[in-house]
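Enquirer: I have a structure I would like to understand better, so I am pasting it below and will then ask my questions one at a time.
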Amino acid sequence: MNNRIACIASNTFREAVRDRVLYNLIAFAVLLSGAAILVGQISIDIEKLVVINLGLTAVSLFGVVIAIFVGIGLVSKEIEKRTLYTVLSRPVRRWEFIIGKFFGLAGTLVVNAFCMAIGVFGALLYVAHKFQKPDGWVLVALYFIILQFLIICSLALLFSSFSSPLLSAVFAFSLFVIGTFSEDLRNFAAMAQGMTKWVATAVAYLVPNFSALNVISSVAHGQPVSSQLIIFNSLYALLYSMMALCGAILIFQRRNLK
Amino acid sequence: MHAIEIVGLVKVYSVGFWRKRPKCALHPLHLNVEEGEIFGFLGPNGAGKTTTLKMLMGLVFPTSGSARILGRDLNDPGMKAQIGFLPEQPYFYDYLTARELLEYYGRLSGVAGKDLSARVQSVLGRVGLPDVAGVQLRKFSKGMLQRVGIAQAILHEPKVVFLDEPMSGLDPMGRREVRDLMEQLKAEGKTVFFSTHILSDAEALCDRVAVIHLGELRAVGAVADLTSGVQGKVEIVWEGTVVPTSIKTIGATCHVTGDTVRAVVAEESQDLVIDALRRERLRIVSLVPVRTTLEQYFVEKLKRSEKTAGSLA
Amino acid sequence: MNRSRTVTMTAGILLVACLAGSAAVLSRIDRLRTGATLEDVLFVSSPKAVKRMSLGYDGLLADIYWTRAVQYFGGRHEARASHYRLLAPLLAITTTLDPHLDVAYEFGANFLSPQPPNGAGMPDQATQLVEYGIRNNPDNWKLYYELGFIYYMDTKDYERAADAFLRGSKTPNAHPFLKVMAAQMAQHAGDTQMARALWTTTYQSSQEKQIRGNAVAHLRALQIADDVTALQELVGQYGQKTGQLPRSMADLVAANLLPAIPLDPSGRPYKLSPEGLVEVQVPDDFPFIEKGAPAGYKPPAPKNLEELGK
């Protein structure tokens, strides 16, 4: 990776760490260990199910919230505080700045998710006393959650490049919700007719698709995830984030910094 | 080759939310800055100084016109490695320490390794902050931030340094130091382009200045040349409570405070007043030229330019 | 070329390419996991759990589950599915999330109890669902009507049907039809007239396209049954009169037995088979046809019910 991108990425990571973003891990740990202890005492059969469901859902939600709230400020905060002036007057191209910011936030989220994953497996070990083969699928679910983070990061960055933080948060969060139900949206589009069908289909393919990235409940039941789905989901997340980043670059490239 | 070459730079903003109206922030600006000079870019607040600087830095895109720095295009990264920029009232990542910030900027400008840490230490010394390298910027005062800002602008030893209001937020000692620093930069063969609304700074430092008002270039040249036509004033203080009649007759305003008299007179009648005081054997305590701030300078300049429509521009 | 324009061009081209690519991958993913969203119902089979997980946004989630149920049924119905095992849990979740979503009960009454491919073939589940609806909306006459309907049409339990109609007739704003139904049930159970009245009420009282379409299809089949019976009678009369079978409907008109060639509900004239049987021209248009189709006729995939319901 180009040195300037790496530099901006590591600074973004450092900012997140110093702004105490990773403190969410404490809340996560409390939540998970509380749940593990509680479930372990109440019900015997579904304790694993609950730990996986709750753990992975928390990993996903905590990450999404961080991705949105840090992501929306990535560009707009630098413009507002005019820290961008001293960066862009250096040999830093504007697209390098966007890409660097993206990697910085993505890196933060990966580290965050990694710590949480250790917590989930710890809780799993606590309630089940040993790992079984289907637990490996939990790793796939975590991988999908990280793919989801990449998409949300890129979208937050896209909105951050042209809109105020509050609006960006609203946009990014709405897209997260819509994306969670994207499969319903596409089904709806398929059932519609005429003009509505075309518009609905276009929208359904434009919004991010998180349905296929959410395999938490099936993994909690020990169901396998097909390797094809892993490949296509990876490809999808890659293409979609790249698209959003290109959008962000296109907007930011022309933006006057007042 | 000019250090900076500005050819017909224009910036029009649209203002208003629904019905956008064009607002001209900068009329066609033509300006050349030579290598190795300290060039002052003068004008009252809102004159278009910062807009011009932002366009030169590639932060804002000109509506029309073009500019070259060191003979190269504005978004040429190779050129950008050779310039430094201090924005107006700079603000930096306050979660970083001064050293971390400078290392970050250094890397972005392509300085690396041992060279980098050595330069960071020396530049911090140069701006008078040798002992606070490890302190987070959120604990810095406004003046200290200004110094850090200057440090980051000269860290990578640029050929051209752009400083937007470099003296603001500094105490008199700090201003003195910044002036010295700018003179050092000139001595090192660097070009310094700085904006200010305080003429005294420009008078003390600049080889040449450009004066801009309401987005229009009003004058370019050496400070002395520009202000030669402007009536300066002198403040004279002497002991005693006596005001010689000859001084009264030239229309000076005199204030008697305690056992001294203070009079403000036009520069041209300065000798006359001194002669009168000598004759009366009164002891002169001080004789200070009253600084013509840029605002005052403009009041006269504008009056005159209205009379002799545009003869100065 | 200008550097900034190069970046713009590259980013623009990449954006379009990535968008196209992501859409293509997405359609692959969709094919890979058809109905996967619905299969989730199997993992969270307890409607109460879903309600708790909805964090208070149960109205919205009910609507989402409701559309899922409709799409699940619609999609599988078109494909002439042999089972609809997710329909009952989907409707159960929908109504637990929003117990006042009347249309979900209607939908359950119409499509949970009939045998596949016209429904899920689960009359017990259907009555349970509607009874649950009645407990939550005791003043809604439509629910009693639906309950009676299931008993009448699918389980042929006329006594319970009469009881349901009677209970319904006591609700405020009850449709007067319910009282009539309850009274006549003992006498006319199994009549075409009765069935016609029921389907007409279903058609009139529902807004849901698939339900209305289903009712229309049934009414048309009943209409054809009546027409065919009457016309077959005339064919017999013609035979008695002339001693031979009519070759076409025109013969019946010529013999002054008919004023004109009669039309079926789709507007096409009825025809005569070489054996002298009255038939519709396109039996595929009438999903529930019992009379008027050629011998050994097997119904194909039903037409889109929504089309009919408009």
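Enquirer: Hey, can you find the accessible area per residue of region B:4-227 for me, probe 1.4 Å, expressed in square angstrom?
Expert: Dividing the accessible area of region B:4-227 by its residue count gives 39 Å².
Enquirer: Let me ask something else about it. To the nearest 100 Å², how much accessible surface do chains A and C hide from each other in total, with a 1.4 Å probe?
Expert: Chain pair A/C: roughly 3100 Å² of buried accessible area.
Enquirer: Can I get the semi-axes of chain C's equivalent ellipsoid? Compute them from the C-alpha gyration tensor as square roots of 5 times the eigenvalues, in angstrom, largest first.
Expert: Whole-Å semi-axes of the equivalent ellipsoid: 45, 32, 15.
Enquirer: Now for a different question. How far, in degrees from 0 to 90, does helix B:142-154 lean away from the longest principal axis of the Cα atoms of chain B, to the nearest 10?
Expert: 60 degrees
Enquirer: A follow-up question, please. Comparing the chain by itself with all protein chains present, which residues of region A:232-258 are at least 50 Å² less accessible (probe 1.4 Å)?
Expert: When all protein chains are present, A:F232, A:Y236, A:L239, A:M243, A:C246, A:L250, A:Q253, A:N256, A:K258 each give up 50 Å² or more of accessible surface.
Enquirer: Let me ask another. Whole number in Å², please: accessible area per residue of region C:1-155, 1.4 Å probe, ligands, DNA and RNA not counted.
Expert: 43 Å²
Enquirer: What does the convex hull of the Cα atoms of chain A come to per residue, in Å³, rounded to a whole number?
Expert: Hull volume over Cα atoms, normalised by residue count, gives 142 Å³.
Enquirer: By how many degrees, between 0 and 90 and to the nearest 10, does the Cα long axis of helix B:270-280 differ from the longest principal axis of chain B?
Expert: The angle comes out at about 40 degrees.
Enquirer: Restricting to DSSP loop positions (anything but H, G, I, E, B) with no more than 12 other Cβ atoms inside 10 Å of their own Cβ, which GluC sites (Glu not before Pro) remain in region C:190-297?
Expert: Those satisfying the criteria are C:E275, C:E290.
Enquirer: Another question, if that's okay. Considering only A:I46, A:I72, A:I146, give the residue with the highest GNM mean-square fluctuation for chain A, with springs between Cα atoms whenever their separation is below 10 Å.
Expert: Greatest mean-square fluctuation among the candidates belongs to A:I46.
Enquirer: For region C:100-243, compute Rg over Rh where Rg is the Cα radius of gyration and Rh is the Kirkwood radius from the inverse mean 1/r over Cα pairs.
Expert: Rounded to two decimals, Rg/Rh equals 1.07.
Enquirer: Through the Karplus equation 6.51 cos²θ - 1.76 cosθ + 1.60, θ set to phi - 60°, convert the phi angles of region C:55-68 into ³J(HN,Hα) values in whole Hz; use x for Gly and Pro.
Expert: 6, x, 8, 6, x, 4, 5, 4, 4, 5, 5, 5, 4, 4
Enquirer: Using a 1.4 angstrom probe on heavy atoms only, work out the carbon and sulfur share of the accessible area of chain A in %.
Expert: Ligands and nucleic acids excluded, carbon and sulfur reach 73 percent.
Enquirer: Per residue of C:9-16, what is the mean number of Cβ atoms on other protein chains within 10 angstrom of that residue's Cβ?
Expert: Partner-chain Cβ atoms within 10 Å, mean over residues of C:9-16: 5.
Enquirer: Considering only DSSP beta bridges whose two residues both sit in the protein assembly as shown, what percent are antiparallel, to the nearest 5?
Expert: The answer is about 70 percent antiparallel.
Enquirer: Next question. Before anything else, pin down the relative contact order of chain C: Cα pairs under 8 Å, at least 6 apart, normalised by residue count, whole percent.
Expert: So the answer I get is 12 percent.
Enquirer: How many Å³ per residue does the convex hull of the Cα positions in region B:106-153 occupy?
Expert: In region B:106-153, the Cα hull volume divided by residue count equals 77 Å³.
Enquirer: Could you tell me the distance between the Cα centroids of region A:132-194 and region C:110-134, to the nearest Å?
Expert: 36 Å
Enquirer: Also, I was wondering about something else. Shape call for region C:36-137 from the C-alpha gyration tensor, a ≥ b ≥ c root eigenvalues: rounded (a/c under 1.5), prolate (a/b greater than b/c) or oblate?
Expert: Oblate, because a/c is 1.5 or more while a/b does not exceed b/c.
Enquirer: Looking only at chymotrypsin sites (Phe, Trp or Tyr not before Pro) in DSSP loops with at most 10 other Cβ atoms within 10 Å, what is the longest site-free stretch of chain B?
Expert: Maximal segment without exposed cleavage sites: B:19-313.
Enquirer: Show the residues, 5+ positions off or on another chain, whose built amide H is closer than 5 Å to the amide H of B:V243.
Expert: Sorted by chain and number, the residues that satisfy this come to none at all.
Enquirer: Using only Cα atoms, figure out Rg for region C:230-304 and give it as a multiple of 2.2 N^0.38 Å.
Expert: My calculation over the Cα atoms of region C:230-304 gives 1.17.
Enquirer: Just to check I understand the Karplus step: with θ = phi - 60° and J = 6.51 cos²θ - 1.76 cosθ + 1.60, what whole-Hz values come out for region C:141-156, glycine and proline as x?
Expert: So the J values, rounded to whole Hz, are 4, 4, 5, 5, 4, 4, 5, x, 4, 4, 4, 6, 7, 9, 9, 6.
Enquirer: Right, next: Can you tell me the relative contact order of region B:4-227? Whole percent, Cα pairs under 8 Å, sequence separation 6 or more.
Expert: RCO, region B:4-227: 29 percent.
Enquirer: Among B:L108, B:L53, B:L74, which one moves the most in a GNM of chain B with springs linking Cα atoms closer than 10 Å?
Expert: B:L108
Enquirer: Based on a Kirkwood Rh over C-alpha pairs, give the Stokes-Einstein translational diffusion coefficient of chain B at 10 °C and viscosity 1.306 mPa s in µm²/s.
Expert: After rounding, the answer is 72 µm²/s.
Enquirer: Next question, about the same structure. Can you give the charge dipole size of region B:233-290 about its Cα centre, rounded to the nearest 20 debye, using +1 on the beta carbon of Lys and Arg and -1 on the beta carbon of Asp and Glu?
Expert: So the dipole magnitude of region B:233-290 works out to roughly 140 debye.
Enquirer: For region C:214-309, what is the relative contact order in percent, using Cα pairs closer than 8 Å and at least 6 residues apart in sequence?
Expert: Relative contact order comes out at 32 percent.
Enquirer: What angle, in degrees between 0 and 90 and rounded to the nearest 10, separates the Cα long axis of helix C:158-169 from the longest principal axis of the Cα atoms of chain C?
Expert: Tilt relative to chain C: about 70 degrees.
Enquirer: Am I reading the A/B interface right? What is its buried accessible area, both sides, 1.4 Å probe, to the nearest 100 Å²?
Expert: 2900 Å²
Enquirer: With the convex hull built on the Cα atoms of the protein assembly as shown, state its orientation-averaged projected area in nm².
Expert: Projected over every direction and averaged, the Cα hull of the protein assembly as shown covers 59.7 nm².
Enquirer: Given axes a ≥ b ≥ c from the Cα gyration tensor, I'd like to know whether region A:158-248 is rounded (a/c under 1.5), prolate (a/b larger than b/c) or oblate.
Expert: oblate
The values are calculated or read from the model by the stated rules, or taken from the named source; none is laboratory data. Not measured: the values here are computed from a predicted model. Methodologically, a virtual Cβ is constructed for each residue, glycine included, from the backbone with ideal geometry; neighbour enumeration extends over all protein chains shown. Note: accessible area is taken over every heavy atom of the protein model, side chains too, but ligands, DNA and RNA are not part of it. Shrake-Rupley method; radii C 1.70, N 1.55, O 1.52, S 1.80 Å.
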